[in-house]
Each structure stands twice: as structure tokens, then as C-alpha cells.
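To start, the structure under review is shown below, and the notes come after it.
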Amino acid sequence: MLVAATGAGAVVAAQPGRVPAPEKPALVIDRSLLKLEVILDHLGFSPGVLDGQKGMSLTAAIKGFQESRGLPTTGTTDEATLHALQPYAAIQGTRTLTLDAATLTYQYTNPIPHSEDAQARLPALNYRTPIEKLSESFHTTPEVLAALNDPGIKLAPGTKMVFPNALPTSRAYDAKLPDHWRQTLNMLNVDANEPQVAKVVVDKSDKVLRGYDAAGKLVAQFQVTTGSTHDPLPIGTWKIYGADYNPKFHFNPKLFWDAKKGEKSAMLPAGPNGPVGVVWLDLSKEHYGIHGTPAPELIGRTESHGCVRLANWNAARLAMMIRPGTPAIFQE
């Protein structure tokens, strides 16, 4: 059975549906590339969305793995890299799982209005549909799930579906963590076994966040979006004060250069489709943080308002690795 908890807040009955037919031509999934992405994801060198496609995110993930193993950082699966990956060859690229009622039961928020004022009146900014929730759980997109399964497959208890193998090795989350946050970690298939990170380095040029252990070894790397022309990444050394799990978001138009005239401050409810996703890591730089996003497919391809943005599953994973006071170095 597929195991996934519901999100924070009240839940509604299971909502069967179908995988929507893609508006664009269906993706062609390279299964060997998907397996490589899955292995790298399991090892802590995330290629972002698991989609079986070549691109900058996969290249960066390969480079991170190579650096962690003391190999030349070619960004390609050369002979030395393939040899270093060989011990993980048994990791499956996909898993066929059976949907159950608990997985589909959730407090969906559909539609989500565009204006912050209207969003503030909602109880939560949760996933819109079951396929969106399933996609985030397996570190991918609805388009990829559509390509891995029969067109129009019914999303209902008892249905078998193929997913990228993002399943964790452990769900034994620290009992001291809030229950709603442990549910979120479970839903996002975040592994309970994560390395301790002593230092975080965000590279603007490479569009990656690297995590180093106390010995200075690279143990994790995630694709990120870092600032914009209007709100550049604040270069310097900061500290991560702590984590706000499943945070609400205070929209203050005075802090957004692109806010529309007449917009008012609003407190937006929590949820994975909120502006900062499932977690906010507060920085010693006022108004800046490291956080999740409702659009993981755009990580590294769009701009932010100066903060460091990760896919929700990677932001949650990073939150497991750091402690209050962890240095965060932002560099060109």
C-alpha cells in the first residue's frame, strides 16, 4: 500500500479523479535518466523534479555527487562517476503502488484565487487536486505522472500507479517535532535519516545550495532560485535562526517592488501552495529566508524577491539537516 499522511488541518472525504491529459505533447521519459535522478535524490544531491530529462538541474546534481566523492566535476556520467554510483544500482527508478483512501483524503483548496486579499480569507492554501498532491509526494509533476501511467488513469482507492521512487528509507521522525510537521514530512516522503549540516553555502552563479558537515565534506545539494535584479541575493554570511513549519505568510506590499497600487497587507494561511511553501528558515538578514515554493518546476528558472527558494520536499529536507545558528554563506 502507498503510505502517506494527510496534511495539517481538517480533511475531506477521498476525492477520486483522473490524471489530466497533458495540454502539451506528452513527455517521453528516459527511464535510465529517471533512475539516475532517483539515486542522486536518495543520496542528497537533488536534481529537483524527478522527470527523466536532461538539463541544468541534473547536471548540477551530478557535479554535487562528484564533488562529494572527490571526482572531477564534469557534470557527466563518465566512467569514474558510473563506478562511484555502482553501489547504489539496486535502487529502483520507479515503484508501482496502490492508491488508498488515506492518501487521497485531504483538505483540497480549489480554486485558489489570485489576489492575496482573497487568499487571506481561505482556511488554507493546500493542494488543489489529488494529482498535484501525489506529484509533490513523489518529487515530480503531474505531466511526469501522466507519462508514466495510462492516459486518464482513475485516481481512486485500489488503483495501481507508477511513481518515481522517492520513497524514504525511514519515517521515524523525531517525536519532539510538531505532529503537523511530521505529517508534512511523511506526505512529502522526506527521509528521517538526514546528515547533520554545519554550514550552508548558496552559490548565485551555480543556482545551488550546498550543505557541508563539520569536517567540511559536501553532504547535500539542492537546486535553488536566488533573488532577482530588483531584489538580489544578499551576499554575505548570515545565520539561520530557526524553522517555521507550515508557516503562514504576512504579505506586506511595501516589501514587494511589483505589488499593485492599492494592495493591502494580508496574512495568508498556511499550506504547500502558499508563497513560501511548507517551511520558512529564518535568516539573520531581516525579511529574508530560505523557503519552499508552490512551483517546483520553476526552481532555478525564475526570479525571487531576494530569498532562497527550493522545492517543498527539498526545503523540508534541509530543515531536517540544520540547527538554529547554522551559518548560511551567500556568494556570487
* So how do Ser115, Ser170 rank on accessible area, 1.4 Å probe, biggest first, that is with the largest at the start? -> Ser115, Ser170
* Structure fact -> Per 20 angstrom bin, beginning at 0 and ending with the bin that holds the maximum distance, the Cα pairs of the chain fall in percents of 32, 60, 8
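Considering only the chain, what is the antiparallel percent among its DSSP beta bridges, to the nearest 5?
Details: 35 of 42 bridges.
The answer is about 85 percent antiparallel.
With the cut-off at 31 Å, tell me which of the pairs Lys160/Lys204; Lys176/Lys207; Lys35/Lys239; Lys63/Lys160; Lys63/Lys154; Lys54/Lys217 have Cα atoms farther apart than that. Could you put the intermediate results ahead of the total?
Details: Lys160/Lys204 41 Å; Lys176/Lys207 33 Å; Lys35/Lys239 35 Å; Lys63/Lys160 35 Å; Lys63/Lys154 39 Å; Lys54/Lys217 27 Å.
Beyond 31 Å: Lys160/Lys204; Lys176/Lys207; Lys35/Lys239; Lys63/Lys160; Lys63/Lys154.
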* Structure fact -> With all protein chains in place and a 1.4 Å probe, Lys199 shows an accessible area in Å² (nearest 10) of 80
* To do: Whenever you get a sec, compute what percent of the accessible area on the chain sits on carbon and sulfur atoms (1.4 Å probe).
  => 54
* Asked: Between segment 106-134 and segment 144-176, what is the C-alpha centre distance in whole Å?
  -> 21
* Highest-MSF residue in the chain out of His114, His42, His250 [GNM, Cα springs under 10 Å] -> His114
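With every protein chain kept in place and ligands, DNA and RNA left out, what is the accessible area per residue of the chain? Probe 1.4 Å, answer in Å².
Details: 15010 Å² over 332 residues.
Per residue, the chain has 45 Å² of solvent-accessible surface.
From the P(r) of segment 35-128, could you give the percentage of C-alpha pairs in the tail past 22 Å? Please list the in-between numbers first.
On the way: 2192 of 4371 pairs.
Tail fraction, whole percent: 50.
Can you divide the C-alpha Rg of segment 95-252 by 2.2 N^0.38 Å and report the result to two decimal places?
Numbers: Rg = 18.7 Å, N = 158, 2.2 N^0.38 = 15.1 Å.
Rounded to two decimals, the normalised Rg is 1.24.
Ordering Met187, Met267, Met56, Met320 by how much accessible area each has at a 1.4 Å probe, largest first, what is the list? Walk me through the intermediate numbers first.
Details: Met187 5, Met267 100, Met56 80, Met320 35 Å².
The ordering from most to least exposed comes out as Met267, Met56, Met320, Met187.
The values are calculated or read from the model by the stated rules, or taken from the named source; none is laboratory data. Everything numeric here is computed off the predicted structure, so don't read it as measured data. Surface accessibility is based on the protein's heavy atoms, side chains included, excluding ligands, DNA and RNA. Shrake-Rupley method; radii C 1.70, N 1.55, O 1.52, S 1.80 Å.
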